[in-house]
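Peer 1: Quick one: this structure, given as structure tokens, is what I'll be asking you about.
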Amino acid sequence: YKSAIKVTETLIAKYPYKKNYWAQLSALYLQQNKDFTALAVKMLAQRLDLGDGKTLINLADMYRYLRIPFKSAKLLESGINEGVVDANYDNLNKLVDSWLAAKENQKAVEVLKQLTALDKSGESDLKQGRVLFGMEKWQQSEASLSQAEKKITGDKSGAVQLILGMTAFHQDKLAQAKTYFSRAAKYKNERNQAGQWLRHVEKLIESQSIE
């Protein structure tokens with residue numbers, strides 16, 4: 001049944017207007033005793049216009065709501081690749097969030113590369129920097145955050161400075177880290193954390209100068 005579900009979802013991504021595929025998907029979920037998911041698929045097929053990409057987007061949203069983010073991501077990815085779903089900012093952002101929820105960070109980074117080209121606010125660069133930081137890819141994270149630094153204004157600049165400081169710290173660039181933490185400490189939300197980092201870095205710099 002798992003293989004049949006996968007095939008049916010692929011067919012829906014390519015031919016969302018074929019109502020029999022939706023009925024088959026609902027029936028397959030019933031066979032696996034996933035009554036709630038089966039009912040949700042059935043109701044979705046009845047209520048939505050099956051002639052456009054909104055169907056897939058809503059189904060992907062449902063999977064994310066049901067905490068099945070991998071299926072959500074695969075549906076969106078397939079829909080975008082097939083041209084059924086527009087590769088716009090909102091849909092790519094949903095795809096990123098689905099991959100992240102599925103703990104597929106590298107796949108999320110690949111989509112974020114597309115997203116940053118569409119986003120002039122710097123939010124996507126910041127998100128990419130956070131993800132890469134979590135993957136301990138310090139240099140790549142720093143590069144993304146440097147782009148965010150050029151674009152982001154207001155309170156979120158503090159978050160950029162804080163993570164930049166941490167990427168510099170992990171690369172043993174203590175003087176640079178001190179500069180970033182000093183900047184981050186000027187922002188209310190980052191003041192405490194940045195202050196702790198700043199004191200730690202200053203002690204390390206002092207100890208190195210004594211040696």
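The values are calculated or read from the model by the stated rules, or taken from the named source; none is laboratory data. None of the values given here were measured: they were computed from a predicted structure. All Cβ positions, even for glycine, are placed from backbone atoms using ideal geometry, and neighbour counts span all protein chains on display. Side chains included, ligands, DNA and RNA excluded: accessible areas come from the protein's heavy atoms. Shrake-Rupley method; radii C 1.70, N 1.55, O 1.52, S 1.80 Å.
Peer 1: Within region 180-211, how many residues are under 21 Å from GLU136 (Cα atoms) and of a type in the set (Val, Ile, Thr)?
Peer 2: Residues that pass the stated criteria total 1.
Peer 1: Which members of region 167-186 meet the condition of being in contact with a helix residue (DSSP H, G or I) (Cβ under 6 Å, 6 or more places away or on another chain), assigned to a helix (DSSP H, G or I) and of a type in the set (A, V, I, L, M)?
Peer 2: Once the filter is applied, which keeps residues that are in contact with a helix residue (DSSP H, G or I) (Cβ under 6 Å, 6 or more places away or on another chain), assigned to a helix (DSSP H, G or I) and of a type in the set (A, V, I, L, M), region 167-186 yields ALA168, LEU174, ALA177, ALA184.
Peer 1: A further question on this structure: For LYS203, indicate whether it is charged (D, E, K, R), touching an Asp or Glu at 6+ places or on another chain (Cβ under 8 Å), free of Cβ contacts under 8 Å to residues at least 40 places away in the same chain and more than 28 Å from ASN91 (Cα to Cα).
Peer 2: For LYS203, the condition - charged (D, E, K, R), touching an Asp or Glu at 6+ places or on another chain (Cβ under 8 Å), free of Cβ contacts under 8 Å to residues at least 40 places away in the same chain and more than 28 Å from ASN91 (Cα to Cα) - is not met.
Peer 1: Go through region 180-200 and report how many residues are surrounded by 16 or more Cβ atoms within 10 Å (Cβ to Cβ) and more than 17 Å from LEU132 (Cβ to Cβ).
Peer 2: Qualifying residue count for the region: 11.
Peer 1: Only one of these conditions is not met by GLU142: (1) without any contact (Cβ under 8 Å) to a residue 40 or more places away in the chain; (2) open to solvent by less than 10 Å² (accessible area, probe 1.4 Å). Which number is it?
Peer 2: (2)
Peer 1: Within region 149-175, restricting attention to residues that are within 12 Å of GLU190 (Cα to Cα) and of a type in the set (D, E, K, R), which residue is most open to solvent (accessible area, probe 1.4 Å)?
Peer 2: Among them, the one singled out is ASP155.
Peer 1: Within region 132-143, how many residues turn out to be on the phi > 0 side of the Ramachandran plot and part of a helix (DSSP H, G or I)?
Peer 2: Summing the residues that are on the phi > 0 side of the Ramachandran plot and part of a helix (DSSP H, G or I) in region 132-143 gives 0.
Peer 1: Looking at GLY122 and the list (1) open to solvent by less than 50 Å² (accessible area, probe 1.4 Å); (2) at negative phi, which single condition is not satisfied?
Peer 2: The single condition GLY122 does not satisfy is (2).
Peer 1: Same structure, new question: When you go through (1) farther than 29 Å from LYS74 by Cβ; (2) open to solvent by 60 Å² or more (accessible area, probe 1.4 Å) one by one for GLU110, which number turns out not to apply?
Peer 2: (1)
Peer 1: Could you look through region 70-79, keep only residues that are closer than 16 Å to GLU110 by Cβ and either open to solvent by less than 40 Å² (accessible area, probe 1.4 Å) or among the hydrophobic types (A, V, I, L, M, F, W, C) (or both), and pick out the one that is farthest from the chain's Cα centre (by Cα)?
Peer 2: So the residue we want is SER78.
Peer 1: Filter region 84-94 down to the residues that are more than 10 Å from ARG64 (Cα to Cα) and in a helix (DSSP H, G or I), then identify the one that is nearest to the chain's Cα centre (by Cα).
Peer 2: For region 84-94, the residue satisfying everything is ASN93.
Peer 1: Within region 80-93, track down each residue that is within 14 Å of LYS127 (Cβ to Cβ) and buried (at least 20 other Cβ atoms within 10 Å of the Cβ).
Peer 2: LEU92, the sole residue that qualifies.
Peer 1: Let me ask another. Just checking, which of SER146, SER157, SER124 is over 25 Å from GLU110 (Cβ atoms), in a helix (DSSP H, G or I) and out of contact with any Cys (no Cβ under 6 Å at 6 or more places or on another chain)?
Peer 2: One residue alone meets the criteria, SER157.
Peer 1: Another question, if that's okay. So which residues in region 1-32 are open to solvent by less than 90 Å² (accessible area, probe 1.4 Å) and aliphatic (A, V, I, L, M), if there are any at all?
Peer 2: If the condition is that a residue be open to solvent by less than 90 Å² (accessible area, probe 1.4 Å) and aliphatic (A, V, I, L, M), then ALA4, ILE5, VAL7, LEU11, ILE12, ALA13, ALA23, LEU25, ALA27, LEU28 are the ones that fit.
Peer 1: Taking only pairs six or more apart or across chains, which ones have beta-carbon atoms under 6 Å, a first residue in region 179-199 that is within 10 Å of GLY165 (Cβ to Cβ), and a second residue that is open to solvent by 100 Å² or more (accessible area, probe 1.4 Å)?
Peer 2: Going by the 6 Å Cβ cut-off, the qualifying pairs are ALA185/ARG191.
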